[in-house]
Amino acid sequence: MAAMSDAAAPSWTVTAEPPASPVALALLREYYTDVADRYYVLHEGRRSTPREIDEGVAEYPSDALLPPHGVLLVARHGDEPAGCAGVRLLDARTAELKQVFVRPARRGRGVAGRLLAAAESTAVRLGAERIRLDTRLDLTEAVALYRRRGYVEIAPYHDDRYAEIFFQKRLVGAGARADG
């Protein structure tokens with residue numbers, strides 16, 4: 001029996017996606033469910049309810065991920081959406097990483113690294129010199145990923161009740177863009 005060639009295997013892509021598209025809405029809802037479930041299991045010994053997810057989605061709208069000051073990126077394996085990451089400008093030189101999520105079945109395959117690389121490149125194209133993010137301490141995989149990828153802990157830059165640790169990274173290639 002012949003082995004499947006690499007050319008026939010689906011490839012990975014990361015592309016911009018409108019935040020209101022069905023794919024984006026599904027990924028963002030999965031993201032909120034994932035982080036909310038982890039929070040509620042840790043603090044209250046239960047999973048989130050659909051109503052709590054609806055409230056979370058409403059509390060953190062993805063409008064800031066619309067061009068020209070934001071982008072939602074979706075990673076796909078072939079045609080199958082595998083994860084997402086948002087980038088938005090906080091000011092002319094500072095971008096923020098938002099809603100980084102990889103579907104559980106796709107974790108451990110480098111998808112988060114692909115999303116981070118694409119988000120950082122997107123931030124540079126938006127004119128940013130640095131990228132910031134916040135996360136929770138119980139999201140240990142995320143904290144470890146950011147540290148491995150060169151993010152350093154910084155003082156809080158906002159007061160969201162769920163943000164427990166803040167990171168920043170200087171972006172390579174920042175400042176090379178001509179102001180236009």
Place the peptides 126-136, 103-113 in order of packing, highest mean first, counting for every residue the other Cβ atoms within 10 Å and averaging per peptide.
126-136, 103-113
D160 versus E59: modelled label distance in nm, points set 7 Å from Cα along the beta carbon direction:
1.1 nm
³J(HN,Hα), Karplus 6.51/-1.76/1.60, whole Hz, each residue of segment 115-132, x for Gly, Pro:
5, 4, 4, 5, 5, 5, 4, 5, 4, 4, 4, 7, x, 6, 9, 8, 10, 10
About its Cα centre, segment 34-180 carries a charge dipole, from +1 on Lys and Arg Cβ atoms and -1 on Asp and Glu Cβ atoms, whose size in debye to the nearest 20 is 740 debye
Proxy reagent accessibility, fewest Cβ within 10 Å first, across E52, E59, E96:
E59, E52, E96
Segment 38-66 and segment 130-157 have their Cα centres apart by a whole-number Å value of 20 Å
log10 I(q)/I(0) for the chain, Debye formula on C-alpha points only (no solvent), q = 0.14, 0.20 Å⁻¹, two decimals, reads -0.78, -1.52
Neighbour-count ranking for R51, R93 (other C-beta within 10 angstrom, fewest to most) reads R51, R93
Residue order, fewest to most beta carbons within 10 Å, for F101, F166:
F166, F101
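A short reminder: the numbers here are calculations on the coordinates, not readings from a lab. Model, not experiment: these values are computed from the prediction. Note that each Cβ is placed from the backbone with ideal geometry, even for glycine, and that neighbours are counted across all protein chains shown.
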